[in-house]
Amino acid sequence: RVLETTLDHETMRRVGSGLGAGAIALLTDDCPVAVAASVLAYFDRENAGQCGSCFNGTAAMAAAAGALRDGAATKEDVERLRRWSVLLRGRGACATLDAATNVAAGLLGEFPGEVTAHLDGTCQGCARGAFRADRPYEAEALRLA
């Protein structure tokens with residue numbers, strides 16, 4: 001369904017996204033939980049720190065996603081992430097917080113099986129070795145540091 005989405009403003013709004021300064025990532029064999037955790041960590045690191053809802057919200061979402069990736073999250077943590085992905089939308093001074101909420105909502109809405117596998121400690125992708133979310137998600141952040 002997503003691969004058939006046309007790149008126009010109206011269609012992208014219908015799927016919960018938009019056009020502008022942003023990125024689209026096509027996941028192949030990467031673990032979506034690890035990718036989301038990396039992207040949320042990026043938003044946590046790179047936000048301007050000027051509004052509390054974004055500064056605290058991106059940190060909270062990044063921590064929850066990181067805990068999920070690492071097998072330390074509970075169902076309550078996932079429910080908090082779900083709640084934040086809705087309640088924090090539109091509360092930042094710029095689009096950074098909205099972008100972070102989109103990542104969290106996308107993870108929870110599009111990859112529920114992988115989220116459950118991380119809660120149960122049964123993610124086959126992550127069991128095969130290191131998290132595959134280091135290209136280019138974390139690599140870009142390392143170059144900027």
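Every listed requirement among (1) among the hydrophobic types (A, V, I, L, M, F, W, C); (2) farther than 17 Å from Thr96 by Cα; (3) at pLDDT 90 or above is met by Met12 save one, (3). Between residues in region 69-86 that are more than 11 Å from Asn102 (Cα to Cα) and residues that are outside any helix (DSSP H, G or I), which pairs lie under 6 Å by C-beta distance while being six or more apart or on different chains? Sorted first by the residue in region 69-86, then by its partner, the pairs are Gly71/Gly121. Against the conditions (1) at pLDDT 95 or above; (2) buried (at least 18 other Cβ atoms within 10 Å of the Cβ), Pro112 satisfies every one except (2). Looking only at residues that are of a type in the set (Ser, Thr, Tyr) and more than 12 Å from the chain's Cα centre (by Cα) in region 48-85, which one is least open to solvent (accessible area, probe 1.4 Å)? Step by step, filter region 48-85, then rank; the result is Ser53. Quick test of your reading of the structure: Asp30 fulfils all but one of (1) at pLDDT below 90; (2) open to solvent by less than 50 Å² (accessible area, probe 1.4 Å); (3) not in a loop (DSSP other than H, G, I, E, B). Name the failing condition by number. Result: Asp30 fails condition (3) only.
Only one entry of Gly20, Gly106, Gly66, Gly90 meets the criterion of being outside any helix (DSSP H, G or I) and modelled with pLDDT of 90 or more, and that entry is Gly90. So, in region 115-145, of the ones that are at pLDDT below 80 and not in a helix (DSSP H, G or I), which residue ends up least open to solvent (accessible area, probe 1.4 Å)? Among those that are at pLDDT below 80 and not in a helix (DSSP H, G or I), it is Ala133.
The values are calculated or read from the model by the stated rules, or taken from the named source; none is laboratory data. Remember, predicted model here, so these are calculated numbers, not experimental data. Positions of Cβ are backbone-derived with ideal geometry, glycine not excepted, and every protein chain shown enters the neighbour counts. To get the accessible areas, we keep the full protein, side chains included, count just its heavy atoms, and leave off ligands, DNA and RNA. Shrake-Rupley method; radii C 1.70, N 1.55, O 1.52, S 1.80 Å.
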